[in-house]
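Reading through the structure tokens given below for one structure.
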Amino acid sequence: MREAAAVNAAAWNHQARLAGTPDGTTAGRLELTQYPGHGPGIELLGNVTGKTVVELGCGRGHNLAALAGAGALCTGIDIAEEQIRWAQAAWPHIDFHCADALDYLTTARPADIYLSIFGAIGLTDPDQLLPAIATAMHPEAILLFTVPVPDWLGTRHDHMTTRDGRRFPVRRWLLEPGEWVSQLRSAGLVLSDRWTVTEPAGGQTCTLIFSAAQPTSMPCV
Ligand SMILES: C[S@@+](CC[C@H](N)C(=O)[O-])C[C@H]1O[C@@H](n2cnc3c(N)ncnc32)[C@H](O)[C@@H]1O
């Protein structure tokens, strides 16, 4: 396993072990920020009915459950096997695989929508991951991803403290908004839109959201 993936898997495996059983879990809203119920949601994706969606770094699958409820055909990928085990138990109607997003993208069937919600994008070297996503995307596919604003994480930029007080190292790529746009361009993708979300209490910005697509192909005349 790649170094960053192995380090991050250890942290998120432990987080999943603390999550208890998924009994009684119900699908909620698509959450694109760190604050449940806050900020934009499924409307950023348009009508997802019948669309194939892959979430790279799906965690316990809550966001895919929301999309499946709206009629999307969902696949979740996560490097942490405990997260996948929980997701499979909670949402048996969704396809979940334990894999590094980089490996999955080389073998997978193309999807209509690629998502990363504080997931593999930002936790994997973007010089490798964004070109791999661009290669997998068909001409009409879209990519939507959310990452934390670097300052919002503060001293937590290199670790995660789990509910039981344990501290795990985490590998992150925390880029400024303009750097994400450059990374998308270097990968051969075109920025479609971007959003910056402020914390519910106001003041500090917390979330960057980007959508991107393949460059529009020019008609041959
Ligand atoms: C902050 S959690 C977000 C989970 C979920 N997207 C959500 O919003 O609830 C990040 C997840 O990304 C996964 N992850 C990190 N790097 C990955 C990679 N290279 N491939 C697949 N999953 C990865 C972690 O294991 C973790 O479950």
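Read-outs throughout are calculated quantities, based only on the coordinates presented, and are distinct from any laboratory measurement. What you see is a predicted model, and the numbers here were worked out from it, not measured in a lab. Quick reminder, even Gly has a Cβ in these numbers, built from the backbone with ideal geometry, and neighbours come from all protein chains shown.
Out of the strands (runs of 3 or more DSSP E) lying entirely within segment 166-221, which hold 3 or more residues that are more than 17 Å from the chain's Cα centre (by Cα), of a type outside the set (A, V, I, L, M) and within 13 Å of T146 (Cα to Cα)? Give the derivation first.
Working: elements: 167-169, 190-198, 205-213.
In segment 166-221, there are no strands (runs of 3 or more DSSP E) which contain 3 or more residues that are more than 17 Å from the chain's Cα centre (by Cα), of a type outside the set (A, V, I, L, M) and within 13 Å of T146 (Cα to Cα).
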**OP:** Give the residue, chosen from E82, E55, that is touching a Lys or Arg at 6+ places or on another chain (Cβ under 9 Å) and closer than 21 Å to T26 by Cα.
**Re:** E82
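Restricting the search to segment 86-111, which residues are within 16 Å of N63 (Cα to Cα) and small (G, A, S)?
A87, A89, A90
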Subject >> Inter-residue pairs, beta-carbon under 6 Å, first in contact (Cβ under 8 Å) with a residue 24 or more places away in the chain and in segment 21-44, second among the hydroxyl-bearing types (S, T, Y) and assigned to a loop (DSSP other than H, G, I, E, B), 6+ apart >> reply: G39/T33
Original post:
Within segment 183-217, how many residues turn out to be free of Cβ contacts under 8 Å to residues at least 12 places away in the same chain and surrounded by 12 or more Cβ atoms within 10 Å (Cβ to Cβ)?
Top reply: 2
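Among the residues of segment 76-100, which ones are assigned to a strand (DSSP E or B) and within 12 Å of the ligand (Cβ to nearest atom)? Walk me through it before giving the result.
Taking segment 76-100 first, the residues assigned to a strand (DSSP E or B) are 76-78, 95-98.
Matches in segment 76-100: G76, I77, D78, F96, H97, C98.
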Subject >> Filter pass, A16 being within 9 Å of the ligand (Cβ to nearest atom) and touching a residue at least 60 places away in the same chain (Cβ under 8 Å) >> reply: yes
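Being within 18 Å of R194 (Cα to Cα) and more than 9 Å from the ligand (Cβ to nearest atom) is the filter here, so list the residues in segment 135-147 that pass it. Spell out the reasoning first.
So the first thing to find is which residues in segment 135-147 are within 18 Å of R194 (Cα to Cα), and the list is 141-147.
Those that are within 18 Å of R194 (Cα to Cα) and more than 9 Å from the ligand (Cβ to nearest atom): A141, I142, L143, L144, F145, V147.
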**OP:** Could you grab me the full set of residues in segment 101-124 that are near the ligand (Cβ under 9 Å from one of its atoms) and assigned to a loop (DSSP other than H, G, I, E, B)?
**Re:** F118, G119, A120, G122, L123
**OP:** Spot the failing condition for A68; the list is (1) free of Cβ contacts under 8 Å to residues at least 40 places away in the same chain; (2) among the small types (G, A, S); (3) touching a strand residue (DSSP E or B) at 6+ places or on another chain (Cβ under 7 Å); (4) more than 14 Å from the ligand (Cβ to nearest atom), and only one is missed.
**Re:** (1)
Original post:
Looking only at segment 132-148, which residues are assigned to a helix (DSSP H, G or I) and more than 25 Å from W12 (Cα to Cα)?
Top reply: A134, T135, A136
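Could you check segment 46-65 and list, in sequence order, the residues that are within 14 Å of the ligand (Cβ to nearest atom), part of a loop (DSSP other than H, G, I, E, B) and not small (G, A, S)? First the steps, then the outcome.
Start the filter on segment 46-65 by keeping residues that are within 14 Å of the ligand (Cβ to nearest atom), which leaves 53-65.
Among the residues that remain, those that are also part of a loop (DSSP other than H, G, I, E, B) are: 57-61.
Passing the criteria: C58, R60.
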**OP:** Hey, could you check segment 22-45 for residues that are touching a strand residue (DSSP E or B) at 6+ places or on another chain (Cβ under 7 Å) and in a helix (DSSP H, G or I) and say which is surrounded by the fewest Cβ atoms within 10 Å (Cβ to Cβ)?
**Re:** L44
